[in-house]
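Heads up, the thing below is written out as structure tokens.
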Amino acid sequence: MLPGKFISFEGVDGAGKSTHVEAVAQYLRDRGLNVVTTREPGGTPLGEKLRELLLHESMHLETEALLMFAARREHIAKIILPAIHRGDWVISDRFTDASFAYQGGGRRLALDKLQSLEQWVHADLQPDLTLLFDVPLEVARERLSAGRALDKFEQEKDDFFERVREVYLMRVRSFPSRIKIIDGTRPVAEVSAQVEHDVTALLGGQ
Ligand code: TMP
């Protein structure tokens with residue numbers, strides 16, 4: 001077993017997950033842990049360039065899936081694995097569940113293609129814990145429209161996001177010990193408490 005831990009945060013755009021990444025990182029640092037916060041697509045200089053393309057250029061759905069995994073390959077090699085080997089905790093704002101939800105659910109890319117990519121890129125690595133921030137579509141939409149200009153994914157229609165959410169929830173049923181649902185409609189303080197509770201359970205397992 002590797003000395004560090006790997007946690008991913010997931011959810012539809014507007015579910016509120018990103019707000020909690022830094023807060024829980026601080027919570028863990030206060031307990032003496034070294035914590036690396038990162039994100040996908042992105043997390044490395046090359047990954048951030050791929051992110052720009054992925055979020056703003058239109059492309060074939062398979063190109064999109066391949067670039068997501070290319071960015072991920074780089075991220076795992078340069079950031080995630082070295083950190084876990086050092087004994088650090090990594091918190092990534094999204095990981096492969098997002099590819100299943102967005103490319104598989106949203107864009108309807110065949111599941112076996114995504115499973116092959118997952119096997120190729122990280123057959124032996126899965127997050128120790130994934131927190132799925134779940135909100136109904138109306139809530140996510142409201143939060144998005146309150147903010148900045150929308151990227152390519154955020155501009156998708158409601159049925160796209162219904163499929164994304166559905167796949168996320170299916171994955172909770174498939175991987176119940178890894179993926180925990182966080183009810184993102186609750187007040188921020190309550191959500192933080194839940195996040196801290198779930199992360200602390202992992203701490204006990206060290
Ligand atoms: P973010 O807004 O949470 O940073 O995520 C960027 C967008 O990228 C978001 O709309 C979800 C999308 N995405 C995918 O479609 N597939 C993936 O594998 C990842 C990691 C993100």
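The values are calculated or read from the model by the stated rules, or taken from the named source; none is laboratory data. This one's a predicted model, so the numbers in the text were calculated from it and none came from an experiment. Backbone-built Cβ (ideal geometry, glycine too); neighbour counts: all protein chains shown.
Looking at segment 141-151, is at least one residue within 13 Å of the ligand (Cβ to nearest atom) and among the basic types (Lys, Arg)? Steps first, answer last, please.
Step one: list which residues in segment 141-151 are within 13 Å of the ligand (Cβ to nearest atom), which gives 143-144, 147-151.
In the following step, the residues that additionally are among the basic types (Lys, Arg) were identified as 143, 148.
Yes, because at least one residue in segment 141-151 is within 13 Å of the ligand (Cβ to nearest atom) and among the basic types (Lys, Arg).
Has segment 47-70 got at least one residue that is more than 14 Å from the ligand (Cβ to nearest atom) and of a type in the set (A, V, I, L, M)?
no
Scan segment 9-34 and report the pairs whose first residue is buried (at least 22 other Cβ atoms within 10 Å of the Cβ) and whose second residue is polar (S, T, N, Q), with Cβ atoms within less than 7 Å and a gap of 6+ or a chain change.
Note: pairs meeting the criteria are Glu10/Thr130; His20/Ser192.
Take the conditions at negative phi, buried (at least 20 other Cβ atoms within 10 Å of the Cβ) and more than 10 Å from the ligand (Cβ to nearest atom) and apply them to Lys5. Does it pass? Please lay out each step first, then the result.
Numbers: at negative phi: yes; buried (at least 20 other Cβ atoms within 10 Å of the Cβ): yes; more than 10 Å from the ligand (Cβ to nearest atom): yes.
So Lys5 passes the test.
List the residue pairs whose Cβ atoms are under 8 Å apart, where the first residue sits in segment 178-206 and is free of Cβ contacts under 8 Å to residues at least 60 places away in the same chain, the second is exposed (fewer than 13 other Cβ atoms within 10 Å of the Cβ) and of a type in the set (Asp, Glu), and the two are 6 or more positions apart or on different chains.
Listed pairs, sorted by first residue: Gln194/Asp183.
Looking only at segment 123-132, decide whether some residue is aliphatic (A, V, I, L, M), surrounded by fewer than 22 Cβ atoms within 10 Å (Cβ to Cβ), touching a residue at least 40 places away in the same chain (Cβ under 8 Å) and away from the ligand (no atom under 13 Å from the Cβ). I'd like the intermediate steps shown before the answer.
Step one: list which residues in segment 123-132 are aliphatic (A, V, I, L, M), which gives 123, 125, 129, 131-132.
Narrowing the set further to residues that are surrounded by fewer than 22 Cβ atoms within 10 Å (Cβ to Cβ) leaves 123, 125, 129.
Okay, now just the ones that are also touching a residue at least 40 places away in the same chain (Cβ under 8 Å), so 125, 129.
This time we only want the ones that are away from the ligand (no atom under 13 Å from the Cβ), so: 125, 129.
Within segment 123-132 (the criterion being aliphatic (A, V, I, L, M), surrounded by fewer than 22 Cβ atoms within 10 Å (Cβ to Cβ), touching a residue at least 40 places away in the same chain (Cβ under 8 Å) and away from the ligand (no atom under 13 Å from the Cβ)), the answer is yes, since at least one residue qualifies.
When you check Gly105 against the structure, is it on the phi > 0 side of the Ramachandran plot and either away from the ligand (no atom under 15 Å from the Cβ) or crowded, with 21+ Cβ neighbours inside 10 Å (or both), yes or no?
Numbers: on the phi > 0 side of the Ramachandran plot: no; either away from the ligand (no atom under 15 Å from the Cβ) or crowded, with 21+ Cβ neighbours inside 10 Å (or both): yes.
So Gly105 does not fit the description; no.
Go through (1) modelled with pLDDT under 95; (2) within 11 Å of the ligand (Cβ to nearest atom) one by one and return the number of the condition Ser99 breaks.
The number of the failed condition is (1).
So, in segment 77-96, of the ones that are of a type in the set (Val, Ile, Thr) and either farther than 23 Å from Lys180 by Cα or buried (at least 22 other Cβ atoms within 10 Å of the Cβ) (or both), which residue ends up nearest to the ligand (Cβ to nearest atom)?
From segment 77-96, those of a type in the set (Val, Ile, Thr) are 79-80, 84, 90-91, 96; that's our starting set.
Next, only the ones that are either farther than 23 Å from Lys180 by Cα or buried (at least 22 other Cβ atoms within 10 Å of the Cβ) (or both) stay: 79-80, 90-91, 96.
On the way: Ile79: 14, Ile80: 13, Val90: 14, Ile91: 13, Thr96: 7 Å.
Checked segment 77-96; the qualifying residue nearest to the ligand (Cβ to nearest atom) is Thr96.
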